[in-house]
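One structure below.
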Amino acid sequence: MEAAHVPALAALERACFSAPWSERLLLEAAAHPDYTLLAAVEDGKVLGYGGALHAAGESGVTNIAVFPECRGRGVGTALVNALIREARSRGSAFLTLEVRVSNASARRLYERAGFAFQGVRPRFYDAPEEDAAIYTLYFQPGDGPGREE
């Protein structure tokens, strides 16, 4: 992501999320060494973006968004795969995320990428209030809940 992408990313945030990130917050996250922000750009136009925070050997997706007119073209898949590669390259044990339980297309995207459903966070989202489905991708075979010690 480049600073020139920030106005488009802020507009995408406003279009997709009830609590959108501001341009200032996007710039602060981009400057933070434990943060990854990636923009999907084609012919100079921002199609979408994804973000993840990496700390203590763990990574968490914070945002993935694709402009509505760009959906169905593999942009979300490319962003998820890039965030997976980045989390692995930073030595994270896993990559986790929350998604609205009603967002069936995003849930399918994460499941196709290898994320496993872990449970529900009640009333995680506002405007409208909704539960979040928790998904996690563990990078080592046998890692995760229920593994044998």
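Once you list every other residue whose beta carbon is under 12 Å from the beta carbon of residue 100, what net charge do they have if Lys and Arg are +1 and Asp and Glu are -1?
-2
Would you mind counting up the charge near residue 134? Only other residues with Cβ under 9 Å from its Cβ, with Lys and Arg at +1 and Asp and Glu at -1.
Values: positive: 121; negative: 98.
After counting each charged neighbour, the total is 0.
If packing is taken as the mean number of other Cβ atoms within 10 Å per residue, what is the order of 46-57, 102-113, highest first? Spell out each step's value before the answer.
Numbers: 46-57: 19.3, 102-113: 14.4.
Averaged packing, sorted descending, gives the order 46-57, 102-113.
Does anyone have the angle between helix 75-89 and the longest principal axis of the chain? Alpha-carbon axes, 0 to 90°, nearest 10?
Taking the Cα atoms of the chain, the angle to 75-89 is about 60 degrees.
Counting only other residues whose beta carbon sits under 15 Å from that of residue 27, what net charge do I get with K and R as +1, D and E as -1? Write out the running numbers ahead of the final one.
Details: positive: 24; negative: 2, 13, 23, 28.
My count for the surroundings of residue 27 gives -3.
Tell me, what is the percent relative contact order of the chain, built from C-alpha pairs under 8 Å that lie six or more residues apart? Walk me through the numbers before you get to the answer.
Numbers: 242 pairs, mean separation 24.3, N = 149.
Relative CO of the chain lands at 16 percent.
With axes computed from alpha carbons, what is the tilt in degrees of helix 6-16 against the longest principal axis of the chain, rounded to the nearest 10 within 0 to 90?
The answer is roughly 60 degrees.
With a 10 Å radius around each residue's Cβ, average the other Cβ atoms per peptide and rank 93-100, 32-39, highest first. Don't skip to the end; give the middle numbers.
Working: 93-100: 19.6, 32-39: 16.2.
Highest to lowest by the protection proxy: 93-100, 32-39.
In Å³ and rounded to a whole number, note down the convex hull volume per residue for the Cα atoms of segment 1-115.
On the way: hull volume 12.0 nm³, N = 115.
Taking the convex hull of the Cα positions in segment 1-115, it is 105 Å³ per residue.
Under a point-charge model restricted to the Cβ atoms of Lys and Arg (+1) and Asp and Glu (-1), what is the dipole moment magnitude of the chain relative to its Cα centre, in debye to the nearest 20?
Values: 15 positive and 19 negative charges, 70 e Å.
That gives a dipole near 340 debye.
Read-outs: derived from the displayed coordinates by stated rules, not from any lab. Since the model is a prediction, treat every value here as computed from it, not as a measurement. Counting neighbours? That spans all protein chains shown, and the Cβs are built from the backbone with ideal geometry, glycine included.
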